[in-house]
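Q: Before I ask anything, here is the structure I am working with.
The values are calculated or read from the model by the stated rules, or taken from the named source; none is laboratory data. Values in this document were obtained by computation on a predicted structure and should not be read as measured data. Quick reminder, even Gly has a Cβ in these numbers, built from the backbone with ideal geometry, and neighbours come from all protein chains shown. Just so you know, the surface numbers come from the protein's heavy atoms only, side chains and all, with ligands and any DNA or RNA stripped out. Shrake-Rupley method; radii C 1.70, N 1.55, O 1.52, S 1.80 Å.
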Amino acid sequence: MKRLLSIVMGFVVALSALQAQNSVTIDNVDFVKDESAVMTVSLNNTTVFSAFQMDLTLPEGVEIAKAANGDNLDILLADARKSSSHVVSYKEIGGNKVRIAAYSGNNDNLIGNSGALLRIALKATDTAIPSVYDASLSNVLFTTADEN
């Protein structure tokens, strides 16, 4: 099977508003046309967080794969990091950008302090050309639960 794209995403965002030790990374992804591949967004944190929001910008020719039912984008919270009350929502906001948010209605904290946070299915469109591309995260916000 011929490799169509290599998405190189070693981009790191420091959460400087909270602590320099907290970082979000995007793992590299390789995939071929007409097949989806899963990109992992990881969080290494020393601060405890209960919710987050971030914008993911994908390169031209790459899109979020549709879920099996064809209606929803396929972006999932990693089971090992979420409590049973965490939910994720997302919206395409233009310019090949997706805003992703997750929260707990109970203000439960994300579990653990390192590892996969999101799993995002990607697919190459018909306009994709074999190459190495970059994706980026921006407007990364994390919140802590109100302790009162």
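Q: Select, from 76, 4, the only residue that is over 16 Å from residue 137 (Cβ atoms), modelled with pLDDT under 85 and surrounded by fewer than 19 Cβ atoms within 10 Å (Cβ to Cβ).
A: Working: 76 fails: modelled with pLDDT under 85.
Criteria check complete, one pass: 4.
Residues are listed down the side, and each one gets a yes or a no for (1) polar (S, T, N, Q); (2) closer than 21 Å to residue 34 by Cα; (3) touching a helix residue (DSSP H, G or I) at 6+ places or on another chain (Cβ under 8 Å):
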| site | (1), (2), (3) |
| --- | --- |
| 80 | no, no, no |
| 84 | yes, no, no |
| 89 | yes, no, no |
| 95 | no, no, no |
| 108 | no, no, no |
| 112 | no, no, no |
| 124 | no, yes, no |
| 139 | yes, no, no |
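Q: Step by step: first the residues of the range 92-104, then only those that are modelled with pLDDT of 90 or more and of a type outside the set (A, V, I, L, M, F, W, C), then the one that is farthest from residue 41 (Cα to Cα). Which residue is that?
A: As a first pass, look at the range 92-104 and keep what is modelled with pLDDT of 90 or more: 93, 97-104.
Still in the running and of a type outside the set (A, V, I, L, M, F, W, C): 97, 99, 103-104.
Values: 97: 15, 99: 14, 103: 16, 104: 19 Å.
Going through the qualifying residues, I end up with 104.
Q: Same structure again: For the range 117-140, which positions are touching a Leu at 6+ places or on another chain (Cβ under 9 Å) and closer than 14 Å to residue 52 by Cα? Explain how you work it out, then say what you get.
A: Initial filter on the range 117-140 (touching a Leu at 6+ places or on another chain (Cβ under 9 Å)): 117-122, 124, 128-133, 135-138, 140.
Hits for the range 117-140 are 117, 118, 137, 138, 140.
Q: Can you tell me how many residues in the range 79-127 are over 20 Å from residue 28 (Cβ atoms), open to solvent by 70 Å² or more (accessible area, probe 1.4 Å) and among the basic types (Lys, Arg)?
A: Total satisfying the criteria: 2.
Q: Can you pull out every residue in the range 39-63 that is open to solvent by 10 Å² or more (accessible area, probe 1.4 Å) and among the small types (Gly, Ala, Ser)?
A: Hits for the range 39-63 are 42, 51.
Q: Taking the condition of being more than 13 Å from the chain's Cα centre (by Cα) and either free of Cβ contacts under 8 Å to residues at least 60 places away in the same chain or within 25 Å of residue 62 (Cβ to Cβ) (or both), how many residues in the range 93-128 meet it?
A: First pass over the range 93-128, keeping only residues more than 13 Å from the chain's Cα centre (by Cα): 93-96, 103-114, 123-128.
Restricting the remaining residues to those that are either free of Cβ contacts under 8 Å to residues at least 60 places away in the same chain or within 25 Å of residue 62 (Cβ to Cβ) (or both) gives 93-96, 103-108, 111-112, 123-128.
Residues that pass the stated criteria total 18.
Q: For the range 87-127, how many residues meet the condition of being in a strand (DSSP E or B) and either of a type in the set (Lys, Arg) or farther than 22 Å from residue 65 by Cα (or both)?
A: Here is the first cut: in the range 87-127, the ones in a strand (DSSP E or B) are 87-94, 97-104, 116-124.
Cutting the leftovers down to either of a type in the set (Lys, Arg) or farther than 22 Å from residue 65 by Cα (or both) gives us 91, 97, 99, 103-104, 119, 123.
Summing the residues that are in a strand (DSSP E or B) and either of a type in the set (Lys, Arg) or farther than 22 Å from residue 65 by Cα (or both) in the range 87-127 gives 7.
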